Amino acid sequence: MPVTELPDFAEDLELLTSAALEAGEIAMRFFRKKLQISWKAGFSPVTDADTEVDRFLKETLCAARPDYGWLSEESEDNPLRLSKRRTFVVDPIDGTRSFMEGGEIWCVSVAVVEENRPVAGILVCPARAEVYWAVKGQGAFMNGARLQTAASAGELVLSIPKSLTARLAPFWTREFRTVPHLPSLAYRLAIIATGKIHGAIVRQNSHDWDLAASDLILSEAGAALLRPDGSHPLLATSNPVHGVLVAGTPELTGELLNVVAAAGL
């Protein structure tokens, strides 16, 4: 039985871009307005903006690619997705708490995953007028400018959760500065691709939808998101939850991995 030919990765990005930009416009209609808020397990908020954006993306993307699986923070998981060659991995609003508070750091995160790795992805950050995207093998971009990380020659700037900073600090061989918390993990990782910060340590319990688009943006910009054993996180498996991760340029991720190991993480 012949294998059905799928669209190329660039075609998938075109679809993601059109849908994610419109999703960003939908989210902006709710932004800094009165929101209906409910709470999920773990005291995690979800607003009517989250659910409306999720509904739009699911209807739009699944109609265009009915043979793809669907995995979203705001949708009930359907194990049938595990039988699909490609899966949409979506966070309708990554950084919901920032969105609720009227902050600018939140984004619509949409990716396509094939063989457990992202092949096309986009972050739309409408409150900051920023759009990041990448296609496997074709580079990463922000607002049309190609992203390419470089080794940190000067001061080392990192994003590390406050809960881990003191635990990790004794194991560093050089000085570093931490940046204030950025409430969207997807955005926090994408910023590494711009060179504004050099690396990050991600505490356990991140999810596929937090990571998928940014993972690809990082790799296509010359950086990486890695597990403590040095492997890439596998996405769109039966379990979307991840342990501690590190992100940064190749020479820095090695140092980060050594620090994480020394600290017993």
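Peptides 91-103, 181-193 ranked from most to least packed give 181-193, 91-103, packing being the mean of other C-beta atoms within 10 angstrom over each peptide's residues. Toward the positive end of the charge dipole of the chain, with +1 on the Cβ of Lys and Arg and -1 on the Cβ of Asp and Glu, the farthest Cα among Met100, Pro250, Pro170 is that of Pro170.
Relative to the dominant Cα principal axis of the chain, helix 9-30 is inclined by about 90°. Bridge orientation summary for region 55-111: considering DSSP beta bridges with both residues in this region, about 50 percent are antiparallel. The C-alpha atoms of the chain define a longest principal axis, and helix 48-64 lies at about 60 degrees to it.
Helix 185-194 and the longest principal axis of the Cα set of the chain meet at an angle near 70°. Computed on protein heavy atoms with a 1.4 Å probe, the accessible areas place Arg167, Arg227, Arg86 in the order Arg167, Arg227, Arg86, largest first. Rolling a 1.4 Å probe over the protein heavy atoms leaves His207 with an accessible area of roughly 50 Å².
Of the peptides 213-225, 12-24, 57-69, 116-128, the ranking by mean beta-carbon count within 10 Å, highest at the top, reads 213-225, 116-128, 12-24, 57-69. With Kirkwood radius over Cα pairs in Å in mind, check [x] 18.6; [y] 22.2; [z] 19.6 and report the label derived from this structure. Comparing each candidate, only [x] matches the computed number. Computed over the chain, the per-residue total of -39500 (n - 2.57) for DSSP H runs of n ≥ 4 gives a 222 nm mean residue ellipticity of -10500 deg cm²/dmol, rounded to 500. Across Glu175, Glu73, the residue with the most accessible area heads the list, and the full order at a 1.4 Å probe is Glu175, Glu73. With pairing defined as another cysteine C-beta under 4.7 Å, the cysteines of the chain that fail it are Cys62.
Where the accessible area of the chain is counted over protein heavy atoms with a 1.4 Å probe, how much of it, in %, is carbon and sulfur? Each step should come with its number before you reach the end.
Values: 6290 of 12090 Å².
Carbon-and-sulfur percentage of accessible area, whole number: 52.
Descending by average beta-carbon neighbour count within 10 Å, the peptides 143-151, 155-163 line up as 155-163, 143-151, the highest first.
Heavy-atom accessible area, probed at 1.4 angstrom with all protein chains present, ranks Lys34, Lys40 as Lys34, Lys40, highest first.
Accessible area per residue was computed with a 1.4 Å probe on protein heavy atoms; Arg32 scores about 150 Å².
Mind checking the per residue accessible area of the chain for me, 1.4 Å probe, whole number of Å²? With all protein chains present, the chain gives 46 Å² per residue.
Annotation: amide H-H contacts under 5 Å for Arg117 (H modelled 1.01 Å from N, sequence separation of 5 or more, or interchain): Leu235.
The values are calculated or read from the model by the stated rules, or taken from the named source; none is laboratory data. Computed from a prediction, not measured in an experiment: that's the story for all the values here. Cβ: placed from backbone, ideal geometry, glycine included. Neighbour counts: every protein chain shown. Quick note on the areas: whole protein, heavy atoms, side chains included, nothing else; ligands and nucleic acids left out. Shrake-Rupley method; radii C 1.70, N 1.55, O 1.52, S 1.80 Å.
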